[in-house]
Amino acid sequence: MAEANRTGILAKAQKRLSRTKTKVLQTFGKADKSTDESFDELVQKTEKQQEVAQHLQKEIKTYLHCVRALGQASKSLATAVSQTYEEEWTDAAEVKKSLESVDLLWTDYQQNVHEKVLDVLNDYIASFPSLKARIAKRGRKMVDYDNSRHNLAVLQTAKKTDEAKITKAQEDLNESKRIYEELHKELCADLPDFYNSRITFYADIFQKLFGQESILHCELATISDTVNTINEKLATEFLHFAYKPRRPLSQSVSDKYLSLYSSQTRFYATLNSEEQELNGESSPKHQPLSASAIQSTPSRQQDTVSKGHFYSNEDEAKSPVRINGSIDNKEEPTGKTRQLPQHKDIDDEEEERVPENSIYEVPGGEEEEEAEAYQDNPSNRPLFEPPPDALYQVEATHAYYGEDEDELSFEAGDIIYVIPFENEDEQDEGWQMGVRQKDGIKGVFPENFTRQL
């Protein structure tokens with residue numbers, strides 16, 4: 001037994017050696033080589049056919065993986081909708097039953113595609129290795145046939161002819177030719193048939209694939225239509241429970257400042273009308289204040305009563321009081337009084353009767369007035385010079401309307417002098433303390449609404 005195996009191994013080795021020798025001789029042109037271009041073309045088509053099938057197999061596997069994930073996501077969504085849909089709502093049992101069938105549809109679809117498409121394609125691809133093995137065997141037998149032809153030609157052209165060897169070589173040639181031709185004929189018949197069968201095979205594969213997908217989408221569409229109809233009925237039956245958000249109690253920032261601006265404008269219009277009636281002469285209207293200046297400007301409504309001006313505390317009551325167009329100077333003012341908004345309807349005589357430390361002059365000189373301009377500036381006068389402690393100045397790039405009393409409102413293009421905080425612990429990140437140039441109002445503002453000049 002061992003000797004028989006040894007003999008078989010030696011025979012195979014001898015065949016390989018002779019085939020290698022023949023290929024080398026054919027490479028150098030020392031031996032003839034059989035060729036068949038039509039067969040080579042069939043082999044190339046077969047290889048291309050295998051590549052296409054393997055690519056389709058890969059994509060179908062990826063598709064099934066995505067179908068599995070999509071089915072799981074659809075199941076999770078259906079479960080969430082079913083849990084959200086309460087029992088007392090319209091046709092709750094039918095909705096839940098319809099949603100439960102969604103998972104079964106995706107499971108059946110995935111199983112059908114795997115069995116009817118992927119498994120069939122796998123069997124189709126499995127036939128390529130055996131076919132290619134037959135092609136390789138045909139190639140080896142063709143080399144044996146070429147080797148036998150070469151050996152016979154060598155013996156026939158030798159100087160000393162040996163009829164026994166020539167006869168043996170002729171028999172080997174006939175046998176190798178027979179084997180080669182049988183394999184060649186079989187492959188020449190099978191390869192074209194196998195190549196042409198791809199058309200009907202892929203037609204059947206695609207029909208099953210898209211047929212199953214069509215069934216899935218039709219069933220899902222039916223379920224979606226059923227659930228949608230029930231929800232339309234639910235919305236109609238419970239229409240009286242629709243929630244309409246109420247208007248918030250607090251106005252927006254822009255509405256709040258617009259209301260303050262309108263009130264301030266109407267107040268000054270009424271005040272000017274009354275003064276014209278008292279003095280018998282026209283006076284220019286006051287310029288309306290900006291929305292942010294209204295917060296820091298003392299309200300004149302607290303100090304004005306009908307056709308005259310009065311003060312709320314005892315010290316201010318001693319200052320000149322104008323009643324019915326005249327100024328009563330029975331008592332001299334003592335101490336600093338609140339500064340009144342200046343009007344052009346006061347004649348020169350009344351201005352001369354105003355004492356030195358009256359409402360039109362702040363004690364302490366010009367330097368103190370400049371230092372306090374941005375802290376208390378009820379007349380809304382513009383600042384012609386930066387405050388003494390100004391660090392730098394910025395220009396507003398966007399309009400900002402403060403929400404708190406200590407915030408500074410401004411419009412785009414306003415100039416603001418940046419000053420340090422009195423207490424650095426109160427400074428928040430991104431916020432600066434500043435004085436508005438056009439009226440001297442002081443407050444904090446967001447730094448990203450401005451740019452440094």
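The values are calculated or read from the model by the stated rules, or taken from the named source; none is laboratory data. The structure presented is a predicted model; accordingly, all values stated were derived computationally and were not measured. All Cβ positions, even for glycine, are placed from backbone atoms using ideal geometry, and neighbour counts span all protein chains on display. Keep in mind that these areas ignore ligands, DNA and RNA; they rest on the heavy atoms of the full protein, side chains included. Shrake-Rupley method; radii C 1.70, N 1.55, O 1.52, S 1.80 Å.
Show the residue pairs meeting these rules: Cβ distance below 6 Å; 6+ apart or different chains; first residue within region 128-147 and under 18 Å from ASN174 (Cβ atoms) and in contact (Cβ under 8 Å) with a residue 24 or more places away in the chain; second residue in a helix (DSSP H, G or I) and polar (S, T, N, Q).
VAL143/THR22; ASP144/SER176; TYR145/SER176; ASP146/THR22; ASN147/SER18; ASN147/THR22
Starting from region 404-417, take each residue that is free of Cβ contacts under 8 Å to residues at least 40 places away in the same chain and at negative phi and list its partners that are of a type in the set (Ser, Thr, Tyr) and assigned to a loop (DSSP other than H, G, I, E, B), counting only C-beta distances under 7 angstrom and pairs at least six apart or across chains.
Final answer for the pair search is ALA412/THR397.
Does region 153-167 contain any residue that is open to solvent by 80 Å² or more (accessible area, probe 1.4 Å) and in contact (Cβ under 8 Å) with a residue 24 or more places away in the chain?
So far as region 153-167 goes, no, none of its residues is open to solvent by 80 Å² or more (accessible area, probe 1.4 Å) and in contact (Cβ under 8 Å) with a residue 24 or more places away in the chain.
Within region 128-142, is even one residue touching a helix residue (DSSP H, G or I) at 6+ places or on another chain (Cβ under 6 Å), within 29 Å of ILE223 (Cβ to Cβ), assigned to a helix (DSSP H, G or I) and of a type in the set (A, V, I, L, M)?
No, region 128-142 contains no residue that is touching a helix residue (DSSP H, G or I) at 6+ places or on another chain (Cβ under 6 Å), within 29 Å of ILE223 (Cβ to Cβ), assigned to a helix (DSSP H, G or I) and of a type in the set (A, V, I, L, M).
Of all residues in region 219-257, which are modelled with pLDDT under 55 and either under 30 Å from ASP103 (Cβ atoms) or open to solvent by 70 Å² or more (accessible area, probe 1.4 Å) (or both)?
Result: ARG247, PRO248, LEU249, SER250, GLN251, LYS256.
Taking helices (runs of 4 or more DSSP H) that fall entirely within region 1-116, which contain at least 3 residues that are of a type in the set (A, V, I, L, M) and touching a residue at least 40 places away in the same chain (Cβ under 8 Å)?
On the way: elements: 2-27, 37-84, 92-113.
It comes to 37-84, 92-113.
Looking at this structure, is LEU56 under 30 Å from ALA235 (Cα atoms) and surrounded by 11 or more Cβ atoms within 10 Å (Cβ to Cβ)?
no
Do you know which of the residues in region 441-453 that are closer than 19 Å to ASP404 by Cβ and outside any strand (DSSP E or B) is least open to solvent (accessible area, probe 1.4 Å)?
Among residues in region 441-453 that are closer than 19 Å to ASP404 by Cβ and outside any strand (DSSP E or B), the one least open to solvent (accessible area, probe 1.4 Å) is ILE441.
With the requirement that a residue be open to solvent by less than 30 Å² (accessible area, probe 1.4 Å) and over 15 Å from PHE206 (Cα atoms), what does region 104-121 give you?
Scanning region 104-121 gives a single hit, TRP106.
Give the residue, chosen from PHE410, PHE449, that is in contact with a His (Cβ under 6 Å, 6 or more places away or on another chain) and at pLDDT 90 or above.
Checking each option against the conditions leaves just PHE449.
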